[in-house]
1. From 30, 44, 62, 10, grab the single residue that is modelled with pLDDT of 95 or more and farther than 18 Å from residue 119 by Cα.
2. Out of curiosity, is residue 103 within 17 Å of residue 32 (Cα to Cα), touching a helix residue (DSSP H, G or I) at 6+ places or on another chain (Cβ under 8 Å) and surrounded by 17 or more Cβ atoms within 10 Å (Cβ to Cβ)?
3. Answer yes or no: is there a residue in region 66-74 that is under 16 Å from the mean Cα position of the chain (by Cα) and assigned to a helix (DSSP H, G or I).
4. Give the residues of region 20-30 that are farther than 19 Å from residue 40 by Cβ and surrounded by fewer than 18 Cβ atoms within 10 Å (Cβ to Cβ), sorted by residue number.
5. Taking region 1-19 on its own, how many of its residues are in a helix (DSSP H, G or I), exposed (fewer than 14 other Cβ atoms within 10 Å of the Cβ) and more than 13 Å from the chain's Cα centre (by Cα)?
6. Considering 54, 41, which residue is in contact (Cβ under 8 Å) with a residue 60 or more places away in the chain and either farther than 30 Å from residue 3 by Cβ or part of a helix (DSSP H, G or I) (or both)?
7. Can you tell which of 19, 124, 118 is over 30 Å from residue 3 (Cα atoms) and touching a residue at least 60 places away in the same chain (Cβ under 8 Å)?
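The values are calculated or read from the model by the stated rules, or taken from the named source; none is laboratory data. On a predicted model such as this, the values are computed, not experimentally measured, just so you know. Positions of Cβ are generated from backbone atoms using ideal geometry, with glycine treated the same way; all protein chains shown enter the neighbour counts.
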């Protein structure tokens, strides 16, 4: 297996893992909200940040291998990807991760008020956009 093939395989595996985790986060949130059971919502919001232990390294591997494979290529698709990655990264670091931790805090303290709902909506919209970015 060549270095390029190895990088491509690692990139695809890490990307698949990251996408699966994001899908689990998103769908478990939607499902717990639709069921409406407070204990389910609390459990989902409590557990999501633990998923960051796998998600963040997977995203770092995806970014690193993608950057390495792209090299100095001027292919339009790769250039577009390079331009969007800082926005997607910032989106996760500034919006999604803080939302997850704050929603966890609110759920643990059973503060299911308008603030919880609004932050939940932001998280679902931004998270959904992130999933579509894949």
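1. Numbers: 30 fails: farther than 18 Å from residue 119 by Cα; 44 fails: farther than 18 Å from residue 119 by Cα; 62 fails: modelled with pLDDT of 95 or more.
Just a single option satisfies the conditions, and that option is 10.
2. Here the answer is yes, as residue 103 does meet what is asked.
3. As a first pass, look at region 66-74 and keep what is under 16 Å from the mean Cα position of the chain (by Cα): none.
No, there is no match, as no residue in region 66-74 is under 16 Å from the mean Cα position of the chain (by Cα) and assigned to a helix (DSSP H, G or I).
4. Of everything in region 20-30, just one residue is farther than 19 Å from residue 40 by Cβ and surrounded by fewer than 18 Cβ atoms within 10 Å (Cβ to Cβ), namely 20.
5. Number satisfying all stated conditions: 6.
6. On the way: 54 fails: in contact (Cβ under 8 Å) with a residue 60 or more places away in the chain.
Among 54, 41, only 41 is in contact (Cβ under 8 Å) with a residue 60 or more places away in the chain and either farther than 30 Å from residue 3 by Cβ or part of a helix (DSSP H, G or I) (or both).
7. 124
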